[in-house]
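**Q** Could you have a look at this structure, given as structure tokens, before my questions?
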Amino acid sequence: MRQTILAIILGILAGLWEITVQPFLPARLAICPILPITILYLVSQNAKNAYAFALSGAVFLDLFSARPFDAALLRYAVIIALLNFIASRLLTNRSLYAALGLTIAGRILEQASGWIIGTLFYWFGKSSAPWAASAPFGWLLLCDVVFVSIGFVLLARASRQFHQSISPAPHSWET
Amino acid sequence: MLNTHRWFFVIGVVIAALLMLLGGLFRPFSNLLQRAALPLVRLASAAFTPAANSISELSSQKKKEADLTDLEKRISSLALDYTKLQSLEEENASLRAQAKFLKTTGYDSVGARVISRKIDDQHATLLIDRGLNDTLEIGEAVVTDNGIYIGKISAIQERIATVLLTSDPSSRVAAAIAGQNKLIGVLEGRGTGATVLTFIPSSENLKRDQIVVTSGTEQKIPGHLPIGIINDVQGKPTDPFLNAAVEPLLSGDRVLFVSVLRPTVLGPSL
């Protein structure tokens, strides 16, 4: 429960960052922390905390974003469900490579869903302009990869949960 | 089989939620959440946005130096050219008129903080912390504290509003030349901070460095609000209309506080 509350608070802070800080930074500093931290939550904890973090951040994106309406809350709910599916069926080994694979898949899903919903809302006249990414896709992905790599290494160092405990098998002459 | 049913259920829920969003069924709930969260957003905006803006300005130092060189050239050319001094005199008259307009043209202003923005080649919008509750309306002019026109309100909710900057590709504003009380063309946004004055009759004799102001022919946008300076006039004398590249006096992406000009009749009754 305490972890979930912490995830919600961190999610709110990440949402505030994406609204009030990130748009004022140069495009080269495309640090959009909601998705990479969600990946770290999925890899290091569980889907429940990942949902709590991402959805509390996405609420702020929906309420206060200057970009055309893109249903961030709904998109993130679907993206985490898909990423959780990938993490539990395909990339199951909780390694740095798995985290990076999830990051790339997550960002592609986030951009694709944003484009689809943004275009839909534009067609229906609910948005005044077509959807556009907050930064060039390559930069966004590079920042995500760097963020997740650093976060993963720090988490691994701090929690030791990714360390393999290898105990040597007893040899026949030792028994 | 169960998994297939579950996925169909999820897809159904997503489509239903999208339809409800399109129908605006979540609007009362989102207004309530906005009301609760706006103080937090204002606090974060006040604490972090100026710092982020400073970082952004530092990173664009090289561009600023290039701009400065160009501006220095312009200043020397202005100093040598008497006719351009005359245009500056007209600009002065326009600014004087603008300084008085708050008292004389039936508009008052509502100060607002910029809480977010979206600036790229397809969008140029700001999000401000004032909305319907402050009796703002779509189409009202937004100016900086020194009276420079930067855009107009394009979307509005109870407590927040979206400002469409002049450089947004969907922005259109009727424009005039300072000192000439007539509509001369339509200022259109081109993205990435660029604006172009279009539909200028070819009979007009426009020159570089003339000041472009609002024409006052649009509802809710007073005239004589300075917008930008003409950089280049394009077109042949035989063309029916000319175009002119206009450099905004102020880039909207650096603005942290704005004023929305509201017709006095819409203000709260005391």
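The values are calculated or read from the model by the stated rules, or taken from the named source; none is laboratory data. Worth saying up front: this structure is predicted, and the values here are computed from it rather than measured. Note: ideal-geometry Cβ built from the backbone for every residue, glycine included; neighbour counts use all protein chains shown.
**Q** Can we say B:Asp232 is exposed (fewer than 15 other Cβ atoms within 10 Å of the Cβ), part of a strand (DSSP E or B) and without any contact (Cβ under 8 Å) to a residue 40 or more places away in the chain?
**A** Values: exposed (fewer than 15 other Cβ atoms within 10 Å of the Cβ): yes; part of a strand (DSSP E or B): yes; without any contact (Cβ under 8 Å) to a residue 40 or more places away in the chain: yes.
Against the criterion (exposed (fewer than 15 other Cβ atoms within 10 Å of the Cβ), part of a strand (DSSP E or B) and without any contact (Cβ under 8 Å) to a residue 40 or more places away in the chain), B:Asp232 qualifies.
**Q** Take segment B:141-168 and flag every residue that is farther than 28 Å from B:Asn92 by Cβ and either part of a loop (DSSP other than H, G, I, E, B) or touching a Pro at 6+ places or on another chain (Cβ under 6 Å) (or both).
**A** Hits for segment B:141-168 are B:Gln157, B:Glu158, B:Arg159, B:Ile160, B:Asp168.
**Q** I would also like to ask the following. Checking A:Leu10 against (1) at pLDDT below 85; (2) surrounded by fewer than 22 Cβ atoms within 10 Å (Cβ to Cβ), which single condition isn't satisfied?
**A** A:Leu10 satisfies every listed condition except (1).
**Q** Considering every residue within segment A:84-106, establish whether at least one is under 11 Å from the mean Cα position of the chain (by Cα), without any contact (Cβ under 8 Å) to a residue 24 or more places away in the chain and away from chain B (no Cβ under 14 Å).
**A** Within segment A:84-106, one or more residues are under 11 Å from the mean Cα position of the chain (by Cα), without any contact (Cβ under 8 Å) to a residue 24 or more places away in the chain and away from chain B (no Cβ under 14 Å).
**Q** Pairs needed: first member in segment B:3-15, over 18 Å from A:Arg89 (Cβ atoms); second member anywhere, of a type outside the set (Lys, Arg); C-beta distance under 9 Å; at least 6 residues apart or different chains.
**A** Partner pairs satisfying both residue conditions: B:Val14/A:Leu74; B:Val14/A:Ala77; B:Val14/A:Val78.
**Q** Identify all residues within segment A:26-56 that are in a loop (DSSP other than H, G, I, E, B) and aliphatic (A, V, I, L, M); write none if there are none.
**A** Passing the criteria: A:Ala27, A:Leu29, A:Ala30, A:Ile31.
**Q** Further question on the same structure: Restricting to segment B:109-148, name every residue that is more than 14 Å from chain A (Cβ to nearest Cβ), among the aliphatic types (A, V, I, L, M) and in contact (Cβ under 8 Å) with a residue 60 or more places away in the chain. It would help to see each step written out before you state the result.
**A** Restricting attention to segment B:109-148, the residues satisfying the condition of being more than 14 Å from chain A (Cβ to nearest Cβ) are B:109-111, B:132-137, B:140-141, B:143-148.
With the extra rule that they be among the aliphatic types (A, V, I, L, M), the set shrinks to B:110, B:132, B:136, B:141, B:143, B:148.
Hits for segment B:109-148 are B:Val110, B:Leu136, B:Ala141, B:Val143, B:Ile148.
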